Amino acid sequence: MYLNITEQARAIKHSLAALFSREIDTHQRRQRLIDEGFHLLFVPEHAGGFGAGGSELAAVAAVYGHHRVGAELLHEMICLPLLAEDHSPLVTQPQTPRAVAWPIDNGLRNEESYHAKLKYVVAGDSAQEVLIPLPVRQAVRPLLLASSKFNRSEIHRWYNTTSHCDLSIELHDLGADTSAAMDSRRWGAILLIAHACCGVGMAQAVLDLSVRYSAERRQFGQTINAFQAVQHLLAELAADVEFARSSAHYAVLLMENDTLTFAAIKALCLQAINRVLSACKLAIQIHGAIATTEEYIVGHYLKDAAMTLSWAEHICRCLPDDALTLDEILAEVASV
Amino acid sequence: MTNRNSLVQFRSEVRTFLANNLSENMRRSCLQQASIFSDFDAASQWQKILADRGWGAPAWPVEYGGTGWSAEQYIVFQQECARADTPQPFPLGLQMLGPILMRFGSPEQKARFLPSIVSGEDVWCQGFSEPNAGSDLAALSTKAHKEGGDYVINGTKIWTSFAHRANRMFLLARTSSESARQTGISFFLVDDLRANGITITPIVSLDGEVEQCQVFFDNLRLPASALVGKEGDGWEITKALLKEERGGYLYYLAAYRQLKRLRALVDATPDCVADHHYRQCFSRLTARALSLKSLELRVVAQDDSAPESSASLCKLEGTRLSQDIDELARYCCGLQFGQTSQAEYSGLERDALEGISRHYLNNRAATLYGGSSQIQKTLIARSLQR
């Protein structure tokens, strides 16, 4: 059981990589994504999008990580449309929010609230914030899936009339078996997987940089890749990249097949992102002091990876595990 | 490619066969397993049962007595064996020598040796490493010189797994010292390990058991027909063989067997079941096994997304994972870890405790044999630089 990256996904990945290579400013990138139709990639087909699936998610999110595109666009272009695919009934019982260590104060903490809230900030030229205190699905649906009236041109219009958006979820103490908890776990799984796949792109980027650098940098009269100590660091780095990829892709498969739930996806994604962080640390060790400077890019991947791990751990801390037992996860190892 | 329905049917057939043929003693031997090798007697017995069913060589083509299964069928079979706790047939003949003989052996060698590997009558061991030729295998100094129509072998091999139980050996010996180190090596088949000129000395491992031996050759005479390929082909054959060794083993299923044994122990130890550290570590180790699975299945399916150095990556990660599982198992054993007698325990719990303690020690060799972790890293780094 492994994820097959389709030819189509590879083609999209290459086009996207070319786009990100040309544009380095976030706003320009966002506009170019919209101009070239990438914002429709994960929008369901019935809502006028391309309905891309797991293979594309894995390939595209990795390009985001590789090119340091940032969580904002990852959420807007990938996570929001995927979250919007969920059509299960809304759960609207008010619950008392649990204090969580969320890095942004979204102003909702002390209000009576629903089981999960989306802070959806639409900042126009006037930079006004609009908070939508509703469950994620309900908040996203008006934007992308608001019944048959909503069509492709309206999606275009929406993207073209906003300058950026930001997604955060305030998570609350949920009983493990409630349907609200199940929904939350599903959203959590999508976000975790997108971040894990994004991390794979970061890890691949630092591997590429390290291989190149170690073949150019000379010490003691030879390139540093001639030293076995450096070769072994490179090998460890390559192992981190490959097993981060394998973990993240396995999580994509579980999501697609709906075979195992949050506990397994959580374990796989945390495993993947931890290896991404390890890859970044190894890359710094291979590069030496230059990698610890603001000027050089390798250290910035470490920051991205650390933030990605914090994001993932936050989601995991806030969402209750499902009833999946260790035996059930173990059984997956010997399944088809 | 086998379609999904046929695979479901095939899985059910395998499951039924295992349920009807696997004895309780064989299953117990798996709980006590202390290394990558199953109990010798249980493995031999199981190989014969598989051969009677026509499944003696699951990965071989039909013309050589194999099953001719697809890659998917092979995986399903291995998964079901792991779930059922079957012994693992001795791998040196089936996974290593067999494919090499199919590729490099003469028609006579194939006809003589392949059927008895499948039936389980012959057990092969590998004569590669020497006291001064471990990771640097090309430094080997065992010599084979021509005398009349025969080759005469002199020298010694070490770390030879199960030489004391096997009846045949494939070995590397130097037939020329004039050319480059690698080109002077040839590949031989020793068809009787009890022949005059061979002395086998067992080596006791850290866990107190004997798996490894040192083998001495003192004017051992081999007929010319014992040579595989031509003189000097040994290094090329060896590279192909090591590729089989590193690429043919499914580390994720070995990890699965280990994790399953750990669960069996923990289930019998109520204090451990709810232990937070145990649960977290177990979950992480299982996730690592899943990621290993994802790569190994790509390798088996020859998917082009698997990197060139996949075999080395799997060996590096698989053996490291196995040792990390040992560490968690040690934690779960508590003060019972390492006790030689588990008299106060019975049945499954005692088997698991004994197996875990011995495995912990024996498995230090996992990152050394079959190309140490350092060798694997060097191979991975080379592939990155190409």
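The values are calculated or read from the model by the stated rules, or taken from the named source; none is laboratory data. Note that this is a predicted model, so its numbers are computed, not measured. All Cβ positions, glycine included, derive from the backbone under ideal geometry; neighbour counts span all protein chains shown. The protein model used for the area step is the full one, side chains on, heavy atoms only, and it has no ligands, DNA or RNA in it. Shrake-Rupley method; radii C 1.70, N 1.55, O 1.52, S 1.80 Å.
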| said: Through the Karplus equation 6.51 cos²θ - 1.76 cosθ + 1.60, θ set to phi - 60°, convert the phi angles of the stretch B:209-216 into ³J(HN,Hα) values in whole Hz; use x for Gly and Pro. | reply: 9, 10, 10, 9, 9, 10, 10, 10
| query | What residues in the stretch B:346-386 lose 30 Å² or more of accessible surface when the other protein chains are added to their chain alone (1.4 Å probe)? | reply | B:LYS377, B:THR378, B:ALA381, B:LEU384, B:GLN385
| request: Report the label-to-label distance for A:ALA226 and A:THR325 in nanometres (one decimal), using points 7 Å from each Cα along the Cα→Cβ vector. | output: 5.9 nm
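Over the stretch B:107-224, give the accessible area per residue in Å² for a 1.4 Å probe, as an integer.
On the way: 5210 Å² over 118 residues.
I get 44 Å² per residue for this part.
Hey, what number do you get for chain B at 222 nm if only DSSP H runs of n ≥ 4 count, each worth -39500 (n - 2.57), divided across all residues, to the nearest 500? Could the numbers behind the result be given before it?
Values: 13 runs with 187 residues, N = 386.
It lands at -15500 deg cm²/dmol.
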| said: Give me a comma-separated list of calculated 3J(HN,Hα) values for the stretch B:306-314, in order, Karplus coefficients 6.51, -1.76, 1.60 applied at θ = phi - 60°, integers in Hz, x for any Gly or Pro. | reply: 6, x, 4, 8, 4, 4, 5, 4, 5
| request: Measure nothing but the geometry: give the 0 to 90° angle between the long axis through the Cα atoms of B:234-247 and the longest principal axis through the Cα atoms of chain B, rounded to 10°. | output: 10 degrees
| query | Accessible surface of B:SER177 in the full protein assembly, 1.4 angstrom probe, to the nearest 10 Å²? | reply | 90 Å²
| request: Considering only B:GLN95, B:GLN47, B:GLN336, give the residue with the highest GNM mean-square fluctuation for chain B, with springs between Cα atoms whenever their separation is below 10 Å. | output: B:GLN336
| request: Quick one: pull the percent of accessible area on the stretch B:204-278 belonging to carbon and sulfur, 1.4 Å probe, ligands and nucleic acids left out. | output: 54 percent
| task | Mind grabbing the accessible area of B:GLU147 for me, 1.4 Å probe, Å², rounded to tens? | result | 80 Å²
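For the stretch A:183-273, which chymotrypsin sites (Phe, Trp or Tyr not before Pro) pass both filters: DSSP loop (anything but H, G, I, E, B) and at most 16 other C-beta atoms within 10 Å? Could you put the intermediate results ahead of the total?
Values: sites: A:TRP187, A:TYR213, A:PHE220, A:PHE227, A:PHE243, A:TYR250, A:PHE262; in loops: A:PHE220, A:PHE227.
When the chymotrypsin sites (Phe, Trp or Tyr not before Pro) of the stretch A:183-273 are filtered for loop state and at most 16 Cβ neighbours within 10 Å, A:PHE220, A:PHE227 remain.
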| Got a number for carbon plus sulfur as a percent of the stretch A:200-255's accessible area, 1.4 Å probe? | 50 percent
| said: Can you give me the distance in nm between label points at B:ARG15 and A:THR293, each placed 7 Å from the Cα along the Cα-to-Cβ direction? | reply: 6.2 nm
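What's the FRET efficiency of B:ASP191 with B:SER70 using the Cβ-Cβ distance as r and R₀ = 30 Å, to the nearest 0.05? Walk me through the numbers before you get to the answer.
Details: r = 34 Å, r/R0 = 1.12.
With a Förster radius of 30 Å, E is 0.35.
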| said: Per residue of the stretch A:238-249, what does 6.51 cos²θ - 1.76 cosθ + 1.60 with θ = phi - 60° give for ³J(HN,Hα)? Whole Hz please, x for Gly and Pro, Karplus curve as stated. | reply: 4, 5, 4, 4, 5, 7, 5, 4, 4, 5, 4, 5
| query | On full extension of the chain, what length is gained from B:ASN219 through B:LEU7, given 0.36 nm per residue of separation minus the C-alpha to C-alpha distance? | reply | 71.1 nm
| remark: At R0 = 45 Å the Cβ-Cβ FRET efficiency linking B:GLU236 and B:GLN323, nearest 0.05, sits at 0.90
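Counting only protein chains, not ligands or nucleic acids, how are A:SER21, B:SER116 ordered by accessible area (probe 1.4 Å), most first?
On the way: A:SER21 75, B:SER116 15 Å².
So the residues, ranked largest to smallest area, are A:SER21, B:SER116.
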| Which value, in square angstrom to the nearest 100, describes the accessible area buried between chains B and A on both sides, using a 1.4 angstrom probe? | 3500 Å²
| With springs only between Cα atoms under 10 Å, which of B:ILE158, B:ILE49, B:ILE325 fluctuates most in a Gaussian network model of chain B? | B:ILE49
| task | Would you pull out the residues with amide H under 5 Å of B:GLY68's amide H, same chain only if 5 or more places away, H placed 1.01 Å from N? | result | B:TRP60, B:VAL62
| remark: Counting only residues 5 or more apart in sequence or on a different chain, those whose built amide H sits under 5 Å from that of B:GLN214 are B:THR201, B:ILE203
| field | Links that overshoot a 32 Å alpha carbon limit, given the list B:LYS110/B:LYS377; B:LYS146/B:LYS239; B:LYS146/B:LYS377; A:LYS266/A:LYS303; A:LYS281/B:LYS293; B:LYS239/B:LYS293 | value | B:LYS110/B:LYS377; B:LYS146/B:LYS377
| query | Mind checking the angle between helix B:276-300 and chain B's longest principal axis? C-alpha axes, 0 to 90 degrees, to the nearest 10. | reply | 40 degrees
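Take the Cβ-Cβ distance between A:ASN257 and B:ARG279 as r, set R0 to 22 Å, and report the resulting FRET efficiency rounded to the nearest 0.05.
Details: r = 25 Å, r/R0 = 1.13.
Here the calculated transfer efficiency is 0.30.
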| Solvent-accessible ranking of B:LYS260, B:LYS230, B:LYS239, B:LYS293, largest area first, probe 1.4 Å | B:LYS230, B:LYS239, B:LYS260, B:LYS293
| Exposure rank, largest accessible area first [B:ARG358, A:ARG30; 1.4 Å] | B:ARG358, A:ARG30
